[in-house]
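Please read the structure below before turning to the comments.
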Amino acid sequence: ETIFHELLNQQSIKIKLKPVILTPGETGIRTRAKVFIKDGMPAFRAYRSNDLVKFDKCPILNDEFMNCILQDAPKRKGDVQYEFSTTSKELMPPESYIYKTVRGEKIKIYKGSFFQSSEEGAAILCSLLQDELSGSKPATGYDLFCGSGLFSMFMSGSGVETTGMEIVPQAVKSYKENLGEKAEIICADAYKIRKLEKKDIVVADPPREGLGIKLVDIITGSKPETIVYISCEPSTFARDTKKLMENSYELTKVAIVDLFPSTHHFEVFSVFKRL
């Protein structure tokens, strides 16, 4: 919370809101990890270094996930992006796709698609989104940087006529199979668009570089009543918040979701309303 307020202060932003702080837990939660395989053993790179630190246990990783990595590691070498499902018990690789379950919704994830660091963490974010949807009751909406369609599933399930936007081919494939006729997707880079149609709500979960000033102008220029901004980089969130406020949007809800225990990183779930 101190880090969050300090980043806002650096942008000369003062808010009266006290952030809600949520966490899926401190240990055994991660089901996504990039490791380096050497001599049949997983390793992480040391802090700010290319030195490899082999390990056979990591308190942050889900225990079943850790065991699966150890069993699979002898078959691989070099950098490997692992993804595990706590419900189906599938591991990717070797699987080319796996199914995860979030708040009762089954979602297919192809290799190369983005997913949150844990199903529990994703469930917290989706719960916050559902609360907002039930309160504001938007009829139409965009899901920018939509990935495999996790947020779109809950948007369409809440009666929102949803349009996703994603550029990664594997994620677009996942989205189409997960949503089918329930939502449409535009295969485009949100950073390169010039305009958006008017929708009641815009949900955006960008990479660490955030929305950026140009995209904030495009989003606010379409005059949605509600903007839900999910950020994995609080410093760029603070920068974008300043621009959103300058463009006549008010921060009405904010939650800090600690998806990355034992680090200074955290996720921000925020809601902005048009003044």
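For the structure I just gave you, tell me whether Asp240 is more than 27 Å from Gly157 (Cβ to Cβ), open to solvent by less than 10 Å² (accessible area, probe 1.4 Å) and of a type in the set (D, E, K, R). Taking the combined requirement at face value, the residue satisfies it. Give me the pairs: first residue in the range 78-100 and in a strand (DSSP E or B), second residue open to solvent by 70 Å² or more (accessible area, probe 1.4 Å), beta-carbon distance under 6 Å, and six or more apart or on different chains, which are they? Close Cβ pairs satisfying both conditions: Gln81/Lys34; Met92/Lys111; Tyr99/Lys106. Within the range 180-201, can you find the residues that are closer than 24 Å to Ile213 by Cβ and without any contact (Cβ under 8 Å) to a residue 60 or more places away in the chain? Of everything in the range 180-201, those that are closer than 24 Å to Ile213 by Cβ and without any contact (Cβ under 8 Å) to a residue 60 or more places away in the chain turn out to be Ile186, Ala188, Asp189, Ala190, Tyr191, Lys192, Ile193, Arg194, Lys195, Leu196, Glu197, Lys198. Considering only residues in the range 36-77 that are in contact with a helix residue (DSSP H, G or I) (Cβ under 8 Å, 6 or more places away or on another chain) and outside any strand (DSSP E or B), the one that is nearest to Phe114 (Cα to Cα) turns out to be Cys58.
Candidates are the residues of the range 15-44 that are open to solvent by 70 Å² or more (accessible area, probe 1.4 Å) and closer than 15 Å to Met66 by Cβ; the one that is farthest from the chain's Cα centre (by Cα) is Thr27.
Number of residues in the range 222-275 that are in contact with a Leu (Cβ under 7 Å, 6 or more places away or on another chain), of a type in the set (S, T, N, Q) and outside any strand (DSSP E or B) equals 4.
Looking at Val168, Val203, Val160, Val216, just one residue is aliphatic (A, V, I, L, M) and within 18 Å of Lys100 (Cβ to Cβ), and that residue is Val168. For the range 97-155, a tally of residues being among the charged types (D, E, K, R), under 20 Å from Gly28 (Cβ atoms) and open to solvent by 30 Å² or more (accessible area, probe 1.4 Å) returns 2.
Taking the criterion of being closer than 15 Å to Ile21 by Cα, modelled with pLDDT of 95 or more and over 15 Å from the mean Cα position of the chain (by Cα), the residues of the range 235-270 that qualify are Lys253, Val254. Right, Pro206: touching a residue at least 60 places away in the same chain (Cβ under 8 Å) and either of a type in the set (Ser, Thr, Tyr) or more than 20 Å from Ser12 (Cβ to Cβ) (or both) or not? Considered against the rule, which asks whether it is touching a residue at least 60 places away in the same chain (Cβ under 8 Å) and either of a type in the set (Ser, Thr, Tyr) or more than 20 Å from Ser12 (Cβ to Cβ) (or both), Pro206 comes out as yes. Counting only residues that are closer than 20 Å to Gln116 by Cα and assigned to a helix (DSSP H, G or I), the range 189-221 holds 1 of them.
The values are calculated or read from the model by the stated rules, or taken from the named source; none is laboratory data. The model shown is predicted, which means the values in this text are computed figures rather than measured ones. In this analysis, Cβ positions are derived from the backbone assuming ideal geometry, glycine residues included, and neighbour counts consider all displayed protein chains. Just the protein is used for accessible areas: all its heavy atoms, side chains included, with ligands, DNA and RNA removed. Shrake-Rupley method; radii C 1.70, N 1.55, O 1.52, S 1.80 Å.
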